[in-house]
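Peer 1: Please find one structure pasted underneath; my questions will follow.
The values are calculated or read from the model by the stated rules, or taken from the named source; none is laboratory data. Here the structure is a predicted model, which is why all the values come from computation and not from measurement. In this analysis, Cβ positions are derived from the backbone assuming ideal geometry, glycine residues included, and neighbour counts consider all displayed protein chains.
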Amino acid sequence: MQKETATSWQRWKRILSPLLKAGDFVGISDESMTAFVNHLGDFLHDHVDPRSPEQQLMKELWDIASPEEQRTLASLLIRAMKEY
């Protein structure tokens, strides 16, 4: 399962990193990208069952986080993707 999770995380980074960099290139603000990822997090939280311990952890963090903390999580995910 750990290899599948690592592969899944690497795949997410390969897909999202160029999209976020393109957003930077065309002038989409970090705040707009964070808002979008925050909405995506809400959607995933409400509609997708976690399939790995890491996804379960993210779901539990999202559950207990305040809206401001959710924005922080979204911002950290964006930063991780951009640095890939």
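Peer 1: Cβ-Cβ distance below 6 Å, separation of 6 or more or different chains: which pairs start in segment 3-20 with a residue that is more than 13 Å from Arg51 (Cβ to Cβ) and end on one that is modelled with pLDDT under 75 and not in a helix (DSSP H, G or I)?
Peer 2: none
Peer 1: Looking only at segment 11-64, how many residues end up being farther than 18 Å from Ser75 by Cα and of a type in the set (S, T, N, Q)?
Peer 2: The total comes to 2.
Peer 1: Something else: Anything in segment 35-79 that is surrounded by fewer than 16 Cβ atoms within 10 Å (Cβ to Cβ), closer than 15 Å to Gly23 by Cβ and small (Gly, Ala, Ser)? List them, or say none.
Peer 2: Ala35 - this is the single residue of segment 35-79 that is surrounded by fewer than 16 Cβ atoms within 10 Å (Cβ to Cβ), closer than 15 Å to Gly23 by Cβ and small (Gly, Ala, Ser).
Peer 1: Related question: If a residue has to be in a loop (DSSP other than H, G, I, E, B) and modelled with pLDDT of 90 or more to count, how many in segment 1-28 make the cut?
Peer 2: Narrowing segment 1-28 to residues in a loop (DSSP other than H, G, I, E, B): 1, 26-28.
Right, trim to modelled with pLDDT of 90 or more and you get 26-28.
Final tally of qualifying residues: 3.
Peer 1: List every residue pair whose Cβ atoms lie under 9 Å apart, where the two residues are 6 or more positions apart in sequence or sit on different chains, the first residue falls within segment 52-64 and is under 13 Å from Gly41 (Cβ atoms), and the second residue, located anywhere, is at pLDDT below 90 and among the hydroxyl-bearing types (Ser, Thr, Tyr).
Peer 2: Gln55/Thr5; Gln55/Ser8
Peer 1: Within segment 58-68, can one find any residue that is outside any helix (DSSP H, G or I), of a type in the set (D, E, K, R) and either within 16 Å of Trp9 (Cβ to Cβ) or in contact with a His (Cβ under 7 Å, 6 or more places away or on another chain) (or both)? Before you say what the answer is, go through the steps one by one.
Peer 2: So the first thing to find is which residues in segment 58-68 are outside any helix (DSSP H, G or I), and the list is 65-66.
Now drop any that are not of a type in the set (D, E, K, R), which leaves none.
No, that holds for no residue.
Peer 1: Hey, can you tell me all the residues within segment 69-84 that are of a type in the set (D, E, K, R) and either modelled with pLDDT under 90 or not in a helix (DSSP H, G or I) (or both)?
Peer 2: Arg79, Lys82, Glu83
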